[in-house]
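J.: Can you keep this structure in mind? I'll have questions shortly.
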Amino acid sequence: MAIQISSEVLEGIVLALLSQEDYYGYALTQGVKKFIPISNSTLYPILRRLKKEEWVTTYDQPFDGRNRRYYQITAAGLAQLEKVKSDWNHHKQIVDQVFNNQMPKEEDE
């Protein structure tokens, strides 16, 4: 994909996946990769930021003699996800108007 995804959109994608189920880091990276190309090194700073903002929490689960760190969305994270969705829809409408050569109505300016 030639278009760069902003960190806000990537955060929204991560929150959207976490709103469906809890994920450990590698599985979350694989889930995001189904939609956009990212690396593990891209995702972990996003997860740290989401945790710092208290939009996600973590818990550890034993797996094959070691722990996996799972990420879980919080109520604040769900609210942030709704904000990102709203912002994205507004942004998408504007870009679609430009790409489709549609001039905004007078009251929209």
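The values are calculated or read from the model by the stated rules, or taken from the named source; none is laboratory data. The model shown is predicted, which means the values in this text are computed figures rather than measured ones. Every residue, glycine among them, receives a Cβ derived from its backbone with ideal geometry; neighbour counts consider all protein chains shown. For accessibility, only protein heavy atoms count, side chains too; no ligands or nucleic acids. Shrake-Rupley method; radii C 1.70, N 1.55, O 1.52, S 1.80 Å.
J.: When we measure straight from the Cα of K83, which lysines land under 22 angstrom away, once same-chain ones fewer than 8 places off are left out?
T.: Leaving aside lysines fewer than 8 places away in the same chain, those within reach of K83 are K51, K52, K92.
J.: Continuing with the same structure: Normalised by the number of residues in the chain, what is the relative contact order in percent for Cα pairs under 8 Å and 6+ residues apart? Show your work: numbers first, answer last.
T.: Details: 92 pairs, mean separation 30.2, N = 109.
That works out to 28 percent.
J.: Per residue, what volume in Å³ does the convex hull of the Cα atoms of the chain enclose? Spell out each step's value before the answer.
T.: Working: hull volume 13.4 nm³, N = 109.
So the per-residue Cα hull volume is 123 Å³.
J.: Give the span of region 39-81's Cα atoms along each principal axis, as three whole-Å numbers ordered largest to smallest.
T.: 35, 24, 14 Å, listed from the longest principal axis down.
J.: Let me ask something else about it. Report the calculated FRET efficiency for V98 and I5 (r = Cβ-Cβ distance, R0 = 22 Å), to the nearest 0.05.
T.: Values: r = 19 Å, r/R0 = 0.86.
According to the calculation, E is roughly 0.70.
J.: For the chain, which whole percent of the accessible surface, found with a 1.4 angstrom probe, sits on carbon and sulfur atoms? Working shown, then result.
T.: Working: 4010 of 7790 Å².
C and S atoms contribute 52 percent here.
J.: Could you please put T57, T29 in sequence from largest to smallest accessible area, using a 1.4 Å probe? The partial results should precede the final answer.
T.: Numbers: T57 60, T29 0 Å².
Solvent-accessible surface, decreasing: T57, T29.
J.: Same structure, new question: Taking only protein heavy atoms and a 1.4 Å probe, what accessible area per residue, in Å², does region 26-109 have with all protein chains in place? Display every interim value, and only then the final one.
T.: On the way: 6380 Å² over 84 residues.
For region 26-109, the per-residue accessible area is 76 Å².
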